Amino acid sequence: MGLCTSKLMITAILVVAVCLLPGFSANAYELRTAAQDSPPKYFMEEDQGLMQGLCIDILDALENANLRLTFTGQNEFMHTGRIYSALHGGSLDLFCGSGKTPDREGRFDYLPIPLYPVNSVLVGRAGDQVEVNSFSQLHTLENDNVLITYLNSASHRFLTRQQNLNIEAGSDLRNLFDRLLRGRGRFIFYHDLGLYHFIASHHLQDKVRVLPASLRTYHHYIVLSKKLPLEVRNLLLKTVGQLQQQGQPK
């Protein structure tokens, strides 16, 4: 047996051995995604330069649970509109942390397993002890019931579908809290995940308070491009289901 033949046989044996390793599959998938600048789903720690957040943890858990799955792009921010355009066009495969809307459900596929709940709540100034448990109670506050929310967000779109509310919109959470603390609105209306993260990271616990009642509850999901092959969708669904059984997605 010649030297070249021996090398080929050794190479073949090594390839077979690797293929027999637990978790190895010839059908491995590198899936393209992106990060949305929406803490705590995704956020960049300035001193570390690393993307962190709920969805980063979920994607890491999926990779650890199934070696056939790897994700790229989650360390780069992309504007929300571009994310959904890229999903529609197929240049992104999936996005973690999407709420459902009729338009999105028509354009994309959603894994049916919810990742975590989201509650829309009110934030008032610390000295304001009024309790609001429903939108109808807001009407009893007469002229002092202005709601401040995030422009073009799901919260903003939801409020515009309600009746007889005084709504103002700001460009980001910093702007919303600045308006609230200056008395330019009675409450902030937004989801609890983002509000609690902002309050803690900006040390506002003594200046504002989150009202206990949830005025709306929904869930976030993994949304998929319709161009993603069925085999990959089924693999993602199976892996998310396994994590759910272990209590990881909430």
Inset, instruction - Tabulate in residue order the Karplus-calculated ³J(HN,Hα) for the stretch 170-182, using 6.51 cos²θ - 1.76 cosθ + 1.60 with θ = phi - 60°, rounded to whole Hz; enter x for Gly and Pro. - result: x, 7, 7, 5, 4, 5, 5, 5, 4, 5, 4, 5, 8
Inset, instruction - Could you calculate the FRET efficiency of GLN246 with THR160 from 1/(1 + (r/R0)^6), where r is the beta carbon distance between them and R0 is 41 Å, rounded to 0.05? - result: 0.55
Legend entry - Linear extension gain, ALA213 paired with ARG107, 0.36 nm per residue minus alpha-carbon span: 34.9 nm
Inset, instruction - Please report, to two decimal places, log10 I(q)/I(0) for the stretch 54-195 at q = 0.19, 0.22 Å⁻¹ as given by the Debye formula with identical point scatterers on the Cα atoms and no solvent. - result: -1.17, -1.40
Inset, instruction - For every helix of n ≥ 4 consecutive DSSP H residues, a contribution of -39,500 (n - 2.57) applies; sum these over the chain, divide by its total residues, and give [θ] at 222 nm rounded to the nearest 500 deg cm²/dmol. - result: -11000 deg cm²/dmol
Inset, instruction - For the chain, compute the number of Lys pairs whose alpha carbons are separated by less than 21 Å, excluding pairs fewer than 8 positions apart on the same chain. - result: 9
Inset, instruction - State the three equivalent ellipsoid semi-axes of the stretch 54-101, derived from the C-alpha gyration tensor as the square roots of 5 times its eigenvalues, in descending order and whole Å. - result: 20, 12, 10
Legend entry - Compactness relative to 2.2 N^0.38 Å, alpha carbon Rg of the stretch 118-217: 0.96
Legend entry - Additional length obtainable on full extension of the chain from LEU151 to ARG179, 0.36 nm per residue less Cα span: 8.7 nm
Inset, instruction - Determine one quarter of the surface area of the Cα convex hull of the chain, which equals its mean projected area, and express it in nm² to one decimal. - result: 17.7
Legend entry - Selected from HIS203, THR217, LEU54, residue furthest toward positive end of dipole (the chain; charges at beta carbon): THR217
Legend entry - Principal-axis tilt of helix 80-89 within the chain, Cα atoms, nearest 10 degrees: 40
Inset, instruction - Can you tell me what the convex hull of the Cα atoms of the stretch 127-166 projects to on average, as an area in nm²? - result: 3.3
Inset, instruction - Give the Rg/Rh ratio for the stretch 176-221, taking Rg as the radius of gyration of the Cα atoms and Rh as the Kirkwood radius, to two decimals. - result: 0.98
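Read the figures in this text as sums done on the coordinates, not as results from a lab. On a predicted model such as this, the values are computed, not experimentally measured, just so you know. Here the Cβ is made from the backbone with ideal geometry for all residues, glycine too, and neighbour counts use every protein chain on show.
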